[in-house]
Structures are given as structure tokens and as C-alpha cells.
Amino acid sequence: MIFDLISSALGFVIPPAFDFIKKKFLKPNSDTPEATLSALATTKPDVMPSFIDAYARFKESETKYFNRDVIGQPSFWVVDLRAAIRPVFTVISLTLMFSATAFHWQIDQSIQCLMEITISSWFGSRLIN
């Protein structure tokens, strides 16, 4: 019982706490392409077209590297399935937990803990947005 409470509390608290710590103590990076472009606009405007071209080629190569295992455009059902995995597992976990409570079923402790962590971390991540 106490392990269930601890795992649920940690899953609910850790995502917002991590987001708060990240925003509070880590300084945002000020070296952005926009800042570089702004500095170039005031100091060397003749270099701006080559910078934009180089940055566009960099982003294109970065995108190609990221999508190296994807051939073509993934179908919509694959994209939708990947987006639905976590919410569906959360709904199934909630349903099983309520059913087990209502009908006095016994769920293995490790599976119950996994379901509690999944549910609480999903709700915890919703607090961030």
C-alpha cells in the first residue's frame, strides 16, 4: 500500500518538478540563429545571405539524419498509432484499476505499480502544459 502511494506521488510530482527546475536554474541559450542573424544585420549585412543559406543546408542535413530510418512519408495510421499509445495505455490502466477495485480482483503488485506510475506520470505531464 505504501509503495503504491509513493510510486503514484512520484509519477505525479516528478514531471512538473523537473520542468520547474529546468526553467528556474538552467539559463536559456542566447546563442540562437535569430540572435546571430540580428547581430549580422547590424554589423555585416552582406554576410546574411550566405549565413541563411548555410543554416538552411544545416537544417536540411539534420532533418535527413533524423529521418534516416524513415523512407518516404509515414502513413497517417502509423503516426496516429504512435500518438495514441500513451493515452490508450493510461485509459486501459485506469479501467483495470477501477475494475479490480470494484470486483475485488487481485492484480500482481508489479503490474499494479506500473499502471499507477503510468497514470500518475501522464497526469503529471498534463500539469506542465
key: Long-range neighbours under 9 Å by Cβ, at least six apart or interchain, first residue within 15 Å of THR90 (Cβ to Cβ) within the range 107-129, second surrounded by fewer than 11 Cβ atoms within 10 Å (Cβ to Cβ) and at pLDDT 85 or above   = TRP122/PRO87
key: Top-ranked residue of the range 39-71 - restricted to ones that are among the hydroxyl-bearing types (Ser, Thr, Tyr) and over 30 Å from ARG126 (Cα atoms), ranked as surrounded by the most Cβ atoms within 10 Å (Cβ to Cβ)   = TYR55
task = Kindly indicate the residue of the range 72-109 that is of a type in the set (Gly, Ala, Ser), under 27 Å from the mean Cα position of the chain (by Cα) and surrounded by 11 or more Cβ atoms within 10 Å (Cβ to Cβ) and also farthest from THR36 (Cα to Cα) among those meeting that condition.
result = SER93
query = Filtering the range 1-38 down to residues that are hydroxyl-bearing (Ser, Thr, Tyr) and more than 24 Å from the chain's Cα centre (by Cα), which residue is surrounded by the most Cβ atoms within 10 Å (Cβ to Cβ)?
reply = THR36
request  = Starting from residues that are part of a helix (DSSP H, G or I) and of a type in the set (Lys, Arg), keep the ones in the range 68-103 and report whichever is modelled with the highest pLDDT.
outcome  = ARG86
query = Are any of the residues in the range 13-22 touching an Asp or Glu at 6+ places or on another chain (Cβ under 9 Å) and under 25 Å from SER120 (Cβ atoms)?
reply = no
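The values are calculated or read from the model by the stated rules, or taken from the named source; none is laboratory data. Only a predicted model underlies this, so the values are computations on that prediction, with no experimental measurement involved. Quick reminder, even Gly has a Cβ in these numbers, built from the backbone with ideal geometry, and neighbours come from all protein chains shown.
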